[in-house]
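The values are calculated or read from the model by the stated rules, or taken from the named source; none is laboratory data. These numbers were taken from a predicted model, which means no experiment stands behind them. A quick note on method: Cβ atoms are made from the backbone with ideal geometry, for glycine too, and the neighbour counts reach across all protein chains shown.
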Amino acid sequence: MKKLNSAKSIIKLIVCLVLCAAFYFIGKGAGAFESFKSAFSGFSFDLKTLLRIVIAVVMVLAVENLLLLILSFIKSEKSRTLTLISIFGNALRYIAAIAIICWVLTILGADIGTIVAGVGIIALVIGFGAESLIADLVTGIFMIFENQYNVGDYIEVDGFRGRVTSMGIRSTCITDAGGNVKIVNNSAMGNILNRSDNTSRAVSTIAIPYATDIEALEARLPEITKDIFERHTDIFISEPVYLGVEELADSAIVLKFIAEVDDQDIYSGSRMLNRELLLGLRSIGIECPFPQVDVHQK
């Protein structure tokens, strides 16, 4: 499957190169590039102008896809590299859109210098109404330089916990363990908890009957936790730790255990710890209790 995808990517790369070369020579013959040498005083539109606009748009899109395809060939396991690739790909789409607009305007005979000056004044006015957009862009730039988090990191933002799947200059995509994708504007990325910097803890609480000899059980717990760790080193970073009695519940004594895991294994680690502790306690004759009611009759 990987070889097939690689072959398709190579074919796509060749097609993009051929398109770029073909449209370059066609555009040169049609005079599509002459618009950058001088600005026209007024707009003019005819069949030739339409052809030049189509050539310009297709060529910019071809170059954009070519660069995105080249980026897809860059394989790296480093989070920082993946982050820069994601951001560059995102910025490339904005640049392509701006290039198309400017090129089409020059083909139509507009004076780009005058337009840019006018747009600058209009942008200043619009900027006050698009304050959040500017804030997203500025915050995104600072996040890149400060290296607060990268693609592949596990972070928690406002109670939503997941893996950073892509980063852009305006927003960040986070995917949780259930496959749910949350898109957060960069300006709203406050109180970030980067779980990739340190190991996480899988937590398990398990109940035992009140009749259990606690001291005898605690003497055998190291044997159980060691066995759990040795059989699941793919999940647990270290041996599970018994913290003690968590609660004296209505019908049971609740014990608490924790185990160090990578953040992506925090939920699967808790489930595995629950299962193995249940089986381990059963192996030494201790069953988890269920709610019971004592009835006293005179």
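For the range 189-230, the candidate set comprises residues that are in contact (Cβ under 8 Å) with a residue 40 or more places away in the chain, surrounded by fewer than 17 Cβ atoms within 10 Å (Cβ to Cβ) and in a helix (DSSP H, G or I); within that set, the residue that is farthest from the chain's Cα centre (by Cα) is Arg220.
Only one of Ile144, Ile121 is over 18 Å from Asn191 (Cβ atoms), out of contact with any strand residue (DSSP E or B) (no Cβ under 7 Å at 6 or more places or on another chain), surrounded by 13 or more Cβ atoms within 10 Å (Cβ to Cβ) and modelled with pLDDT under 75. Can you tell me which?
Values: Ile121 fails: surrounded by 13 or more Cβ atoms within 10 Å (Cβ to Cβ).
When all the criteria are applied, what remains is Ile144.
Among the residues examined, Ile95 does not qualify as surrounded by fewer than 16 Cβ atoms within 10 Å (Cβ to Cβ), in the same structural domain as Leu51 (by TED's automatic domain parsing), modelled with pLDDT of 75 or more and more than 28 Å from the chain's Cα centre (by Cα).
If you scan the range 258-275, which residues turn out to be closer than 11 Å to Ala177 by Cβ and over 19 Å from the mean Cα position of the chain (by Cα)?
Ser268
Being touching a residue at least 24 places away in the same chain (Cβ under 8 Å) and among the hydroxyl-bearing types (Ser, Thr, Tyr) is the filter here; which residues of the range 231-264 pass it? If the condition is that a residue be touching a residue at least 24 places away in the same chain (Cβ under 8 Å) and among the hydroxyl-bearing types (Ser, Thr, Tyr), then Tyr242, Ser251 are the ones that fit. For the range 196-216, the count of residues that are out of contact with any Lys or Arg (no Cβ under 8 Å at 6 or more places or on another chain), among the acidic types (Asp, Glu), at pLDDT 75 or above and over 22 Å from Ile266 (Cα atoms) is nonzero.
Output the residue which, of all residues in the range 237-252 that are closer than 24 Å to Asp213 by Cβ and touching a Ser or Thr at 6+ places or on another chain (Cβ under 7 Å), is surrounded by the most Cβ atoms within 10 Å (Cβ to Cβ).
Only one residue tops the list, namely Pro240.
Any residue in the range 258-279 that is in contact with an Asp or Glu (Cβ under 7 Å, 6 or more places away or on another chain) and surrounded by fewer than 13 Cβ atoms within 10 Å (Cβ to Cβ)? No, every residue in the range 258-279 fails to be in contact with an Asp or Glu (Cβ under 7 Å, 6 or more places away or on another chain) and surrounded by fewer than 13 Cβ atoms within 10 Å (Cβ to Cβ).
Could we say that Val293 is surrounded by fewer than 17 Cβ atoms within 10 Å (Cβ to Cβ), over 34 Å from the mean Cα position of the chain (by Cα), of a type in the set (Val, Ile, Thr) and at pLDDT 90 or above here? Break it down stepwise before answering.
Numbers: surrounded by fewer than 17 Cβ atoms within 10 Å (Cβ to Cβ): yes; over 34 Å from the mean Cα position of the chain (by Cα): yes; of a type in the set (Val, Ile, Thr): yes; at pLDDT 90 or above: no.
So Val293 fails the test.
Which pairs have Cβ atoms under 9 Å, sit 6 or more apart or on different chains, and link a residue in the range 148-169 that is closer than 10 Å to Asp263 by Cβ and surrounded by fewer than 18 Cβ atoms within 10 Å (Cβ to Cβ) to one that is at pLDDT below 80 and polar (S, T, N, Q)? Within 9 Å, the pairs are Glu156/Asn191; Glu156/Asn194.
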